[in-house]
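The values are calculated or read from the model by the stated rules, or taken from the named source; none is laboratory data. Treat the numbers as computed from the prediction; the structure is a model and nothing was measured. Using ideal geometry, Cβ is built from the backbone for each residue, glycine included, and neighbour counts are taken over all protein chains shown.
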Number of protein chains: 2
Amino acid sequence: MTGIKERLLPLVEKDLEKIEAALEENLTPHVELVKEIAGHLMFAGGKRLRPLLIVLSARICGYEDNFVTKFSTIFEYLHTATLLHDDVIDGAVMRRGKPVANAVFGAPVTILTGDYLLARALRIAAESDSIPIIKVVSGMTEDISEGEIIQLIKKGDVSFTEDEYMNVIRRKTGVLIRGACKTGAILAKASTEQEDALTQYGDNLGLVFQIADDILDYTANTGELGKTVGADLREGKLTLPVIHALRESSPQDRNRMETIIANPDFTKDEFEILLRLLSTYGGIEYARRIATGYVQAAKRALEIFEPSETRDILAMMADYALSRRS
Amino acid sequence: MTGIKERLLPLVEKDLEKIEAALEENLTPHVELVKEIAGHLMFAGGKRLRPLLIVLSARICGYEDNFVTKFSTIFEYLHTATLLHDDVIDGAVMRRGKPVANAVFGAPVTILTGDYLLARALRIAAESDSIPIIKVVSGMTEDISEGEIIQLIKKGDVSFTEDEYMNVIRRKTGVLIRGACKTGAILAKASTEQEDALTQYGDNLGLVFQIADDILDYTANTGELGKTVGADLREGKLTLPVIHALRESSPQDRNRMETIIANPDFTKDEFEILLRLLSTYGGIEYARRIATGYVQAAKRALEIFEPSETRDILAMMADYALSRRS
């Protein structure tokens, strides 16, 4: 898998440039501070995964237009809005290698900038003059906020199951990625079969992306990740590696893990113990195995399309989603 | 003006009942807690001003339909979303005679419930299948968040001018009230003249409503108001009565006021001093005079419509907006 990012990037370079420009151009607040706060996070090296997916999804259905790039911003704005609110909610410290917006500008104005971006996204969706797109976008936003709330309710709850976890990540991450792919198909006036295939692809890709994120929280180092390793656990978020290890462990080891999880101020040594137990019970490998299944399902969904560079890129993105180091 | 509420209520009783039912029916989260938090505020005796305005605006243009009631919920959900976020941002304590949601349920889930309501409002707007309505609703949401941000930036700034104040209240309150009236006209497929007249009416009514709110913050008692009197000033929000008094005062009195405003923990005695200075410089009367001008403008805008009970009700609402005690 090495070098997949290096192979992928040149293939989407031009699209990424257009997306960057559109993100700048469509962010038009009357208040300079809004632009500053939104930009603080949005122009700090995000992957532009969601805008890219809508562009590529439209393209694989034979459609190419500058409008697609404009509408692709919807998904990045929405994504940024949720991250801004998340960081306030989680009391996060770093994101993308920088202090979070709420640490720099304060929580109040960060919350409001999130609201603005949410509204901006929906306003741009409205400019598509397409009711189906507007419904996808507004429906997504409902789903995401509910996913976040479920996650919040379940914080620190060691009885959190794999099914509940899948439900949460499908809502909070999957929805946007699936929505981007689906919207690309709608813009392209694709056939139902194509729209379904891309929705399927996006659904699986979204799951891969979030599971990989949750794995990285245990396996990356802070420099690579741009945020603190182990942050999920410190915030009481139980993710697939831990859910699996808890399920598989001896009563005694389960007890040790639960004690660590129960204390958000666990020490570095305690975190090491937890990592060792994750390894003993194969938590990371299990999560990786599950994600690999979704990578394959994502690629399978693409098979209805004729072979093309765009199809290859989409397939590579599924591999990249799991193999990435940040 | 006495008794205007008592005369008004029976005339809109049936509409209010339908609106209550629609608010219950269209709030359909998958998560029980969302309903509980949204309901904590939404079913605590709000005035339903915004939903009522869309129903009445459609009616005065000759349109009556259950859909109107459904779409009227958009405005109450949006309004509730902004109040939930406001209370988090302001660290408010009470609203409508109850502890604020963030005090009961915590800020994180309150922020997310606000997000959910914002999204729900836009989802319902999308169900109108009307692009103009969707544009009004998503545009409003952008405007509101920007209005709130300007207000936040200007907190405690004694150089805040009347023009800036008008700009803020037009965005943060006016937009929703104007939007409700305009949406009623759009649903009714009213003529441009009628739509403009109702937009004009709503614009003026919104200003009256917010100025009256800001007056009440100095003149009501806490029991009537359902929240702490003087809260605006404690949060550093400079409103029309204070802006006027600061502008008119002697350098010495201005200095005294500025000192009190600069300290959010001012004592009851200091607040009394400030109230006396407001009175000396006619801050409350000035605000009331300005608001009275907007009441008249709101009523004038209605003159293009034939006399009818609906027109009378709308006119009464303009009077009520200023004369109300809570």
Legend entry - Enumeration of residues in the stretch A:27-50 that are among the hydrophobic types (A, V, I, L, M, F, W, C), within 24 Å of B:Met140 (Cβ to Cβ) and modelled with pLDDT of 90 or more: A:Leu27, A:Leu33, A:Val34, A:Ile37, A:Ala38, A:Met42
Legend entry - Residues of the stretch B:138-192 satisfying the condition of being closer than 18 Å to B:Ala301 by Cβ and of a type in the set (Lys, Arg): B:Arg170, B:Arg178, B:Lys182
Inset, instruction - May I ask you to verify whether A:Gly3 is of a type in the set (Gly, Ala, Ser) and closer than 24 Å to A:Asp319 by Cβ? - result: yes
Legend entry - A:Thr110 more than 9 Å from chain B (Cβ to nearest Cβ) and of a type in the set (Val, Ile, Thr): yes
Legend entry - Among the candidates A:Gly62, A:Gly39, residue that is of a type outside the set (A, V, I, L, M) and not in a helix (DSSP H, G or I): A:Gly62
Inset, instruction - Among the candidates A:Ala185, A:Ala125, single out the residue that is surrounded by 22 or more Cβ atoms within 10 Å (Cβ to Cβ) and more than 28 Å from A:Ile37 (Cα to Cα). - result: A:Ala185
Inset, instruction - Kindly indicate whether A:Thr82 is touching a helix residue (DSSP H, G or I) at 6+ places or on another chain (Cβ under 9 Å), part of a helix (DSSP H, G or I) and more than 9 Å from chain B (Cβ to nearest Cβ). - result: no
Legend entry - Residue list for the stretch B:13-33, restricted to those being in contact with an Asp or Glu (Cβ under 7 Å, 6 or more places away or on another chain) and either more than 10 Å from B:Thr73 (Cβ to Cβ) or free of Cβ contacts under 8 Å to residues at least 24 places away in the same chain (or both): B:Pro29, B:His30, B:Val31
Inset, instruction - For the stretch A:62-84, indicate whether the set of residues that are among the β-branched types (Val, Ile, Thr), in contact with a Ser or Thr (Cβ under 7 Å, 6 or more places away or on another chain) and surrounded by fewer than 24 Cβ atoms within 10 Å (Cβ to Cβ) is non-empty. - result: no
Legend entry - Boolean, B:Ile177 is at pLDDT 90 or above and under 15 Å from B:Arg50 (Cβ atoms): yes
Inset, instruction - Quickly run through the stretch A:190-221 and pick out the residues that are among the polar types (S, T, N, Q) and under 22 Å from A:Arg324 (Cα atoms). - result: A:Gln200, A:Asn204, A:Gln210, A:Thr219, A:Asn221
Legend entry - Any pair with Cβ under 6 angstrom, 6 or more apart, that starts in the stretch A:55-72 at a residue that is aromatic (Phe, Trp, Tyr) and ends at one that is at pLDDT 95 or above: A:Tyr63/A:Ala188
Legend entry - Check on B:Thr113, modelled with pLDDT of 95 or more and polar (S, T, N, Q): yes
Inset, instruction - Only helices (runs of 4 or more DSSP H) wholly contained in the stretch A:225-326 count here; list those with 3 or more residues that are in contact with a strand residue (DSSP E or B) (Cβ under 8 Å, 6 or more places away or on another chain). - result: none
Inset, instruction - Would you check if B:Pro29 is assigned to a helix (DSSP H, G or I) and of a type outside the set (Gly, Ala, Ser)? - result: no
Inset, instruction - Can you tell me which residue within the stretch A:85-104, out of those that are within 10 Å of chain B (Cβ to nearest Cβ) and part of a helix (DSSP H, G or I), is farthest from B:Leu152 (Cα to Cα)? - result: A:Asp90
Inset, instruction - Scan B:Arg171, B:Arg234 and give me the residue that is of a type in the set (Lys, Arg), buried (at least 23 other Cβ atoms within 10 Å of the Cβ) and modelled with pLDDT under 95. - result: B:Arg171
Legend entry - Some residue of the stretch A:157-174 being within 22 Å of B:Asp143 (Cβ to Cβ) and at the interface with chain B (Cβ under 10 Å from one of its Cβ atoms): no
Legend entry - Candidates A:Ile124, A:Ile131 - the one that is within 7 Å of chain B (Cβ to nearest Cβ) and either farther than 22 Å from A:Ala318 by Cβ or small (Gly, Ala, Ser) (or both): A:Ile131
Inset, instruction - Provide a single number: the residues in the stretch A:279-307 that are of a type in the set (Asp, Glu) and surrounded by 14 or more Cβ atoms within 10 Å (Cβ to Cβ). - result: 1
Inset, instruction - Go through the stretch B:64-88 residue by residue and tally those that are under 17 Å from the mean Cα position of the chain (by Cα) and not charged (D, E, K, R). - result: 13
Legend entry - When residues of the stretch A:196-222 are limited to those that are out of contact with any Ser or Thr (no Cβ under 9 Å at 6 or more places or on another chain) and of a type in the set (Asp, Glu), the one surrounded by the most Cβ atoms within 10 Å (Cβ to Cβ): A:Asp203
Inset, instruction - List every residue pair whose Cβ atoms lie under 8 Å apart, where the two residues are 6 or more positions apart in sequence or sit on different chains, the first residue falls within the stretch B:292-311 and is touching a residue at least 40 places away in the same chain (Cβ under 8 Å), and the second residue, located anywhere, is assigned to a helix (DSSP H, G or I) and basic (Lys, Arg). - result: B:Leu302/B:Arg311; B:Phe305/B:Arg311; B:Thr310/B:Arg59
